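**Q** Let me give you the structure first, and then I'll get to my questions.
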2 protein chains.
Amino acid sequence: MSTVYALHPQPDGPYNPQTQVCTSCSVRQFALFGSLDEAALQRLHYHIADIHLEGGQTLYSAQQIGSAVFTVRSGVVRMERSSDNGERRVMRLAGGTELLGLEALLGQTYAADAIACTDVTVCRIPRVLIEELTNDRPALTRDLMKRWQRALDEADEWLVELSRGPARHRMLRLLLKLSEYADDRGLIWLPTRQDMGAMLDMTFETASRLISALRREAILEPVGARQARLSMEHLMAALREDNAGR
Amino acid sequence: MSTVYALHPQPDGPYNPQTQVCTSCSVRQFALFGSLDEAALQRLHYHIADIHLEGGQTLYSAQQIGSAVFTVRSGVVRMERSSDNGERRVMRLAGGTELLGLEALLGQTYAADAIACTDVTVCRIPRVLIEELTNDRPALTRDLMKRWQRALDEADEWLVELSRGPARHRMLRLLLKLSEYADDRGLIWLPTRQDMGAMLDMTFETASRLISALRREAILEPVGARQARLSMEHLMAALREDNAGR
DNA sequence: CGAAAACTTGATTAGCATCAAACCAGGTGG
DNA sequence: CCACCTGGTTTGATGCTAATCAAGTTTTCG
């Protein structure tokens with residue numbers, strides 16, 4: 001069911017080892033190599049692979065020895081940890097231009113599972129390539145540090161905004177977070193109730209009740225099974241009201 | 001009440017601008033400059049200040065423009081954010097050899113308040129000094145990246161271990177975390193009930209009830225007002241039992 | 001010593017978990 | 001094609017956990 005590309009990228013299937021893909025990459029100016037010119041890209045000795053995943057597939061797993069980082073080009077990826085007794089906790093989400101698996105650059109194992117929520121395209125960037133580039137490109141290290149800081153900011157946000165207060169408040173904040181990853185038609189990805197529970201530390205029944213309530217309040221309108229349209233005005237109003245009442 | 005040293009270190013009082021302090025620093029081999037030899041330390045143009053804080057004093061505040069990072073040499077510091085309506089959330093703790101305020105190196109404002117929990121000694125390391133050193137010491141950048149990763153690991157741990165599950169479980173995990181910062185006599189710093197509430201997202205009454213219960217169970221024995229002795233065996237037993245029951 | 005802050009404990013209530021049942025959509029095999 | 005199954009979802013009934021409100025005690029500090 002779930003395929004892992006972190007260690008053994010296959011030369012066929014979703015794997016596409018053309019470095020040229022970078023020069024035309026839609027997220028390049030925001031991504032890691034935004035500061036590199038085309039000449040520098042041509043000189044790369046190692047392959048940047050283009051990977052496609054369907055929702056539910058695993059990009060990499062916690063405890064694996066990581067030999068690459070990944071730039072998300074489209075779709076949403078969730079970072080989660082699950083304990084031996086089957087309990088899951090989604091720690092954060094990652095969307096366009098985000099860089100995942102930074103710990104691999106330090107020779108550490110991956111700290112969490114990275115699982116595609118929607119259909120996802122990512123670039124696999126080998127660690128050795130980063131090492132090669134940083135030798136003559138000190139600007140890249142600063143870029144990497146900014147990536148770490150961004151990950152840290154996200155972690156803090158989940159701690160402060162999504163792990164605190166009553167269930168309804170947490171759900172509203174989650175919807176706000178999901179709106180950051182809305183597609184071009186303005187639709188957000190709507191997780192399963194189980195996943196919502198793992199994100200917000202509540203049971204799936206509670207998540208279901210909350211979503212039903214928000215639908216009745218016209219904050220949310222499901223579109224198909226895994227998507228929804230948000231009314232940002234109603235959402236914002238609900239959040240304000242929610243903040244006022246504490 | 002709370003003094004801020006981040007922007008304007010005073011030449012008198014707790015401020016001690018001797019670079020020599022580094023060569024004899026008790027945490028140097030674990031800290032940022034562990035890899036620097038004495039000659040390199042002598043060449044530093046900028047002062048590393050030695051700062052002493054009492055419990056409750058602020059090291060720096062969120063939103064300040066940071067011009068320095070800080071190495072904790074002794075004591076415990078808490079990182080917290082408080083919203084305009086007075087709600088606080090402690091995001092994590094930092095103890096010996098930890099490096100705080102990394103975001104200052106990227107020209108960002110501090111992301112949280114850093115407040116001394118116990119009496120604390122820290123080194124103030126100006127950003128310009130780091131910049132100077134990284135020019136001819138690429139190993140330092142890798143060291144910095146490890147610091148970022150460590151902060152991220154801590155953030156993840158708080159998310160997974162201390163922001164999830166029933167109140168008693170979170171309190172037990174907090175005590176385990178506090179045991180990492182035990183002093184030489186084996187005593188842990190015991191936060192106020194308010195602070196426990198801000199760390200674990202519960203009311204101070206609930207925190208008080210839990211601590212009282214744990215005292216009755218001999219997991220915890222208060223020593224003075226702000227300290228306690230832990231029975232690690234009892235604590236571990238309680239945690240196992242707690243994990244089994246879910 | 002007196003006031004303020006922190007802590008403890010009790011009574012009540014609200015919010016969420018748990019247990020349970022029914023519903024629905026998509027997929028499989030007869 | 002339909003019966004069936006499975007996994008996700010919804011909703012209801014009930015109970016437990018932790019918030020809230022309240023009072024009293026201890027500690028701290030000017």
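**Q** For A:Arg240, B:Arg92, which order do you get if you count the other beta carbons within 10 Å of each Cβ and list the fewest first? Could you put the intermediate results ahead of the total?
**A** Values: A:Arg240 10, B:Arg92 22.
Starting with the residue having the fewest Cβ neighbours, the order is A:Arg240, B:Arg92.
**Q** Leaving out same-chain residues fewer than 8 places away, which lysines sit with a Cα under 22 Å from that of A:Lys177?
**A** By straight Cα distance, A:Lys177 reaches A:Lys146.
**Q** Please report B:Arg185, A:Arg193 as a ranked list, fewest other C-beta atoms within 10 angstrom at the top and most at the bottom. Walk me through the numbers before you get to the answer.
**A** Numbers: B:Arg185 8, A:Arg193 18.
Going from least to most buried by this count: B:Arg185, A:Arg193.
**Q** From other protein chains only, count the Cβ atoms within 10 Å of every residue's Cβ in A:140-147, then give the mean.
**A** Details: counts 0, 6, 4, 0, 4, 9, 6, 2.
Mean shielding count: 4.
**Q** Using a 7 Å offset from the Cα along the Cα-to-Cβ direction at both A:Arg142 and A:Leu187, what is the distance between the two label points in nm, to one decimal?
**A** With each label placed 7 Å out from Cα toward Cβ, I get 4.2 nm.
**Q** Exposure proxy check: B:Glu233, B:Glu154, A:Glu103 ranked by fewest other beta carbons within 10 Å? All intermediate terms of the calculation are to be shown ahead of the outcome.
**A** Details: B:Glu233 10, B:Glu154 19, A:Glu103 22.
Ranked by crowding around the Cβ, least crowded first: B:Glu233, B:Glu154, A:Glu103.
**Q** OK, next. Between beta-carbons, use under 12 Å as the cut-off and find the net charge around A:Ile51, counting Lys and Arg +1, Asp and Glu -1. Don't skip to the answer; put the middle values down first.
**A** Working: positive: A:Arg73, A:Arg124; negative: A:Asp50, A:Glu54, A:Asp119.
That works out to -1.
**Q** Grab the beta carbon distance between A:Glu221 and B:Glu217, set R0 = 45 Å, and tell me the FRET efficiency rounded to 0.05.
**A** Working: r = 50 Å, r/R0 = 1.12.
Rounded to the nearest 0.05, the efficiency is 0.35.
**Q** Here's another thing I want to ask about it. Can you give me the distance in nm between label points at B:His234 and A:Glu157, each placed 7 Å from the Cα along the Cα-to-Cβ direction?
**A** For B:His234 paired with A:Glu157, the spin-label model returns 4.3 nm.
**Q** What does the charge count around A:Leu99 come to, taking other residues whose C-beta lies under 10 Å from its C-beta (Lys +1, Arg +1, Asp -1, Glu -1)?
**A** Numbers: positive: A:Lys146, A:Arg147, A:Arg150; negative: A:Glu98, A:Asp143.
Around A:Leu99, the surrounding residues sum to +1.
**Q** Here's something else I'd like to know. A:Ser208 versus B:Gln108, label points 7 Å from Cα toward the beta carbon: distance in nm?
**A** So the label points at A:Ser208 and B:Gln108 sit 3.9 nm apart.
Here, each number is a calculation from the coordinates, and none is a lab measurement. What you see is a predicted model, and the numbers here were worked out from it, not measured in a lab. For neighbour counting, all protein chains shown are included, and Cβ atoms are generated from backbone atoms with ideal geometry for every residue, glycine included.
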